[in-house]
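To start, the structure under review is shown below, and the notes come after it.
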Amino acid sequence: MKIPLSWLKEFVDIQLPLPELARLLTMAGLEVEAIQVVGLPMPSSADLHSAAHHEIKIEGLSWEADKIVTAAVYEVMPHPNADRLVLCRLDDGQQEHIVLTGAPNLYPYKGLGALPEPLKVPYAKEGARIYDGHQPGRVLTTLKRAKIRGIDSYSMICSEKELGISDEHEGVILLDPDAPVGVPLADYMGDAVLDIAITPNIARCASVLGVAREVAALTGQPLRQLDYSVQMEGPSIEGMASIEIQEPELNPRFVLGLAQNVIIRPSPYKVQLRLKLAGMRPIDNIVDATNYVMLEIGQPLHAFDYDVLKQRAGGNPPTIITRRARPGERLTTLDDVERELDDFTVLVCDTAGALSIAGVMGGAESEVSAQSRNILLEGAAWNFINIRRTVSAQKLQSEAAYRFSRGVHPAMAERGVRRCLELMRRWADGVIAQGLIDNYPLPPRDPMVEISTSDVRRWLGIDLTPQEIADLLARLEFKTEIFGQTVRAQTPDHRLDIGEGVVGMADLMEEIARIYGYERIPETRMNDELPPQRNNLELEREERIRDALVNLGLQEIATYRLTSPEREARRFPPGAAPDDLPYIQLANPIAADRTVMRHSLLSSVLEVVERNARLRPRMALFEIGPVYLASEEGLLPDEVPRLAIALSGPRAPAGWQEADNAPMDFYDLKGILEALLEDLHITGVRYEPAEHPSFHPGKCARIRVGEQVLGVFGELHPLARVNYELPETPLLAAELNMRALISLTPDRFEISAVPVFPPVLEDLAVVVDENLPADQVEAVIRQASGKALAGLRLFDVYRGEQIGAGKKSLAYSLAYQSPERTLTAEEAQKIRQRIIRQLERELGAKLRS
Amino acid sequence: MLESLNQIERQALNELEATQDEDSLQRWKVAHLGRNSPLMRVFDHLGALPKEERPSIGRRANEVKRALESAFEARSQALVQAAVLRSLQAERLDVTLPGRPIARGRLHPNTQTLRRIYRIFGDMGFQVFRSREVETDEYNFELLNIPAHHPARDMWDTFYTTTPGVILRTHTSPGQIHVMRQYAPEPIRVILPGMCYRYEQLSARKDTQFNQVEGLAVGRNITFGDLKGTLTDFARRMFGENVRTRFRASHFPFTEPSAEMDIECFICGGEGCSVCGGSGWLEILGSGMVHPVVLRNGGYDPRIYSGFAFGMGPERITMLKHRIEDIRHLWMNDLRFLEQF
Ligand SMILES: [Zn+2]
């Protein structure tokens, strides 16, 4: 919302420097996002400094008092050498000048001799700094003496663009006829515009009056109320129109006034200037009057051509009807769009049909035109929820809808009509009919809220007396009464944001805190009872898994959780069974490749490997995050936390010395997983061959503890691999179930005693069938040696002629130990024999000699 | 005879000085302490001396022998040491060559910032409570005092799913309702971290996916002053002990009064710089006293209980601390970016 300072000052005295005013408003929740200086002096650096620490952009142009002044043009003469230029005889209050200009809006005066009424204009003298009218954007320039087509030129009559008012450069500004001559233009009409962000709770501040009320409350200055009286000199309005409200819930009030015999013409320049500074385009004095009042007090208004309405009623006084749209009903709005209306859309109609979409936009037919003579003025109140629905359904915004969709108090309807009728009288010479037609079926109940000193203490942590509370609220026009320690506050009839009961109490609390000043409320430490302390094992263990993986040399990544089924399908070879689980699908995706919530964390990680493939030969990555699987129980998906790992590239990072640059393989990934599970003290882990569409069928394993599956890992399937642009080296990946990892992590674990007696160490190599899984050999060794086995490590796997085809040799180093004594050679020998016998019997293993 | 012993000693010590390695040292030992050395010959011939000279000559010969033996030991050790020192010289490395590279793991910067936040609030008694990302409209909006078609809904651009009433949460605030309904009427101090989603055009400052950390304290005696104190304590631990905070009135439908907390720019110390846009202040979090409607929806009577809530974007904190210009870096996983943390 753009608020011109000059307008604000009509309602409240402001002594503060601009930056300080902006800071005050911002701290109270009316965030001033920028200040546009239009003529006024720029804030001094001292003022700026006092407001340092405040996010505020101040831009614009100051008009130098001695160089840019008001002036009078007495005669417009043709230029001897140029048709498109004129020479103006001008008085700047000190002397007469001949000023050259090409402004088309002065051509009509050319060659008329001395004008009966001088034209008042802004005049920039030699050396004045203004914006260059001929360059796009805002480029400062200094007026210099020059000869143009043989005529000396050193000064100019200014356009709006040159003064930084608007981008208008077609003509020069023609000031109102009552403008003085020879005074600094900045004194006459210099301004500054505060651009204020209006949050939904302060809809009442979407007006000059609304902001002025806040300034008054914050500075303790009195607010100058508007005078809503109208000079009514026409006939009585009674019988000239009537109003029928069908749904008071949606249209609690409708007020009509009538201005007769108006003369439609441009508004006074100062009115146009204000509208422009506030961001609206001046149209004519009637439409401008409605917009002016809307900006001034926040009540949108609508002007109908009374004669058109009468004609539509067959010459009878029109009846205004407000109702919901009928099925299939259509209306062409002012923006020339024919709109299909919803059954909740409220229309302003007459007996012949719809005139406008209530509170949003008028229809074309009954609009005020240059020929209009009699104006029927609408000021109404609408249900804001319904207006907002209409706005979003019709995708139609307007200044009126902006305000109505945030809530305008019905009391404002009458005030708006009164203020506007008076302006039409002044600006358009209208004769105002006596009285108003006011249909007010549903006046709101303005809440009466009680708030006590102990409420304030409990909610804000400050001690205020009942009188202090009442005074703070009174500054915002609440009517207050004090009963003991309680203040009873009556909500003023310009706001709809105060609730009843305890909600109203909180609403008042905010107003008290804002006006009292947030910065004055002391910072304290909570001294309330501490809540019961609870562990969050899930998070603790998740973080521990992160740490473990980082310790194992992996880089954590974080990816987007929105993807598309096509992107995720890349993890499977062509022809593999597709992922047929239903996805959580967006109704309004923002991009074609982000339409669903992911099913596969593996996919996310593979995409990251692909993205970095050309940058890094070696990658070791992991991510922990959810996938979203449709659940059978209800609406909402199961958000299943997963862990995905990807490895690729040389085993050791490249340096200047020789390193193990063999590519990482299945066993590198397995080593990481084993170390992770060991770190978590998860025991009883089994690895079994598995089939999974994403993985190489011979290089894929499932991790299992008891009946629980922790996940799968392996080398990416060569046919899935080609779906990605990956480096040459094998890509190893795992996708694990975090819930299983977390639930299998024991709360506690026990250590085995550090042995006192030395172990007996020996090696054992056995030859077994190639296809025999190594874990079976290990299981037999463990079983045969029992408690005596203190260490078991596979140190070699050998295949070759020596042992014959279809066989492999597994070599283990073993340690036997007793907690009670040093084992003798005979005892060790016995264990060894037992192991060999059992391996032979159960697995057909032969001792390798 | 005594004179000749002195001569033997002088000569031997002189020659010992000249030995430079183990070989010459051994040769010296044979020559001066060996079976055929002049000294040994003196011992051999002691019996042939007159009886009265024997004790003094014998004593002197023993003295010389001990002197030569200990001189030999000393010389031997000196030579070993010199040899070691020489070989150490030869083993000298270029210490400026780079070390052997380690395949180091790292936490994602998001995790690092989240952990910092957890720890600071953990110290103040706030525990972590997590809740779901795919939410109902009811939890994300209605129970938080944001009814359907309310103008406040314009504050969030929402991703809707094809299931009516199911959305991607636009903030972590639905967790407030979950945690209150779980724990009412016990007092609550939690932080609620997690991923949120907004229908935003992608830019350097905004992304469709972002983490949020919400906080909630509910009890019988919790004030706006406590809100200011708690969040200022947080800011000091997060951004520096002397950092200044300011609380600006703001609006969130689920808190009242509501406040934005700014901190004095820690890059420029409040003087104004490009990071703070010249203002000297950085917007860090939104906060406020829990709205009575929200308390009630959570199962707490607002006549008895009060509380405060706040929400911040950890990515923004990460970006500010490390001067990251584009938020998308935090999700693109370019290793050239991640490896700097
Ligand atoms: Zn700064």
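Structure notes:
- Extents of chain B, taken as max minus min of Cα coordinates on every principal axis and listed largest first, are 134, 45, 43 Å.
- Under the combined filter of DSSP loop state and at most 16 neighbouring Cβ atoms within 10 Å, the stretch A:503-533 retains these trypsin sites (Lys or Arg not before Pro): A:Arg525.
- For the stretch A:735-832, trypsin sites (Lys or Arg not before Pro) are listed when DSSP marks them as loop and at most 15 other Cβ atoms sit within 10 Å of their Cβ; the list is A:Arg748, A:Arg799, A:Arg821.
- Summing Lys and Arg as +1 and Asp and Glu as -1 over all other residues whose Cβ lies under 14 Å from the Cβ of A:Arg388 gives a net charge of +3.
- Translational diffusion of the stretch A:155-201 was estimated from the Stokes-Einstein equation, with Rh taken as the Kirkwood radius over Cα pairs; at 20 °C and 1.002 mPa s the coefficient is 164 µm²/s.
- Largest first and in whole Å, the equivalent-ellipsoid semi-axes of the stretch B:2-90 read 32, 11, 9, each the square root of five times a Cα gyration tensor eigenvalue.
- Cα pair count fraction exceeding 21 Å, expressed as % - the stretch A:654-752: 43
- Seen from all directions on average, the protein assembly as shown presents a Cα convex hull projection of 80.8 nm².
- Volume in Å³ per residue [convex hull over Cα atoms, computed for the stretch A:519-663]: 281
- For the stretch A:760-847, the Kirkwood radius over C-alpha pairs fed into Stokes-Einstein at 25 °C and 0.890 mPa s yields D = 184 µm² per second.
- Descending principal axes extents, the stretch B:157-223, alpha-carbon based, whole Å: 42, 30, 16
- Calculated SAXS-style log₁₀ I(q)/I(0) at q = 0.20 Å⁻¹ - the stretch B:142-262, Debye, Cα scatterers: -1.42
- For the stretch B:4-54, Kirkwood radius (reciprocal of mean inverse C-alpha pair distance, Å): 12.0
- Each eigenvalue of the Cα gyration tensor of the stretch A:385-512, multiplied by 5 and square-rooted, gives one semi-axis; in descending order these are 36, 20, 13 Å.
- Principal axis box of the stretch A:700-849, alpha-carbon based, largest edge first, Å: 61, 50, 27
- At least 27 Å along the helix axis (C-alpha) and Kyte average at least -1.0, DSSP helices within chain B: B:54-90
- Inter-part distance where the stretch A:640-669 and the stretch A:59-87 are each reduced to a Cα centre, Å: 78
- The Kirkwood hydrodynamic radius of the stretch A:44-157, based on inverse pair distances between different Cα atoms, is 16.0 Å.
- Remark on A:Thr595: its backbone amide H falls under 5 Å from those of A:Thr563, A:Ser564, a criterion applied only to residues 5 or more positions apart or on other chains, H modelled at 1.01 Å from N.
- Separation between Cα centres of the stretch A:185-234 and the stretch B:109-170, rounded to whole Å: 37
- Kyte-Doolittle at least 0.0, axis length at least 18 Å by Cα - qualifying DSSP helices, chain A: A:501-516, A:666-679
- The Cα center of the stretch A:441-514 and the Cα center of the stretch A:152-180 differ in position by 50 Å.
- When the inverse distances between all different Cα atoms of the stretch B:80-176 are averaged and flipped, the Kirkwood radius reads 19.3 angstrom.
- Interatomic Cα distance distribution for the stretch A:147-230, bins of 5 angstrom, percent: 3, 9, 12, 14, 14, 14, 14, 9, 3, 3, 3, 2, 0
- Radius of gyration over Kirkwood radius for the stretch A:242-439, both on Cα atoms: the Rg/Rh ratio is 0.93.
- Rg followed by Dmax, in Å, when the stretch A:197-351 is reduced to its Cα trace: 18.6, 56
- Note on the stretch A:461-588: Cα Rg divided by 2.2 N^0.38 Å, N the number of residues, gives 2.05.
- Using the alpha-carbon positions of the stretch A:495-547, Rg (one decimal) and Dmax (whole number) come out as 20.2, 55 Å.
- Loop-resident sites, the stretch A:592-633, for GluC sites (Glu not before Pro), counting at most 12 other Cβ within 10 Å (DSSP): A:Glu632, A:Glu633
- Computed log₁₀ I(q)/I(0) - Debye formula, equal Cα scatterers, no solvent, the stretch A:401-456, q 0.15, 0.19, 0.22 Å⁻¹: -0.68, -0.87, -0.98
- Mean residue ellipticity (222 nm) of chain A, computed from DSSP H runs ≥ 4 via -39,500 (n - 2.57), nearest 500: -8000 deg cm²/dmol
- Evaluated at q = 0.14, 0.16, 0.20 Å⁻¹: base-10 log I(q)/I(0), Debye formula over Cα of the stretch B:183-341: -0.79, -0.98, -1.30
- Reported value for the stretch B:226-313: 93 Å³ per residue, from the convex hull of its C-alpha atoms.
Bear in mind that the values in this text are calculations on the coordinates, not laboratory data. Keep in mind it's a predicted model, so treat the numbers as computed, not measured. No Cβ is skipped: glycine too gets one built from the backbone with ideal geometry, and neighbour counts run over all protein chains shown.
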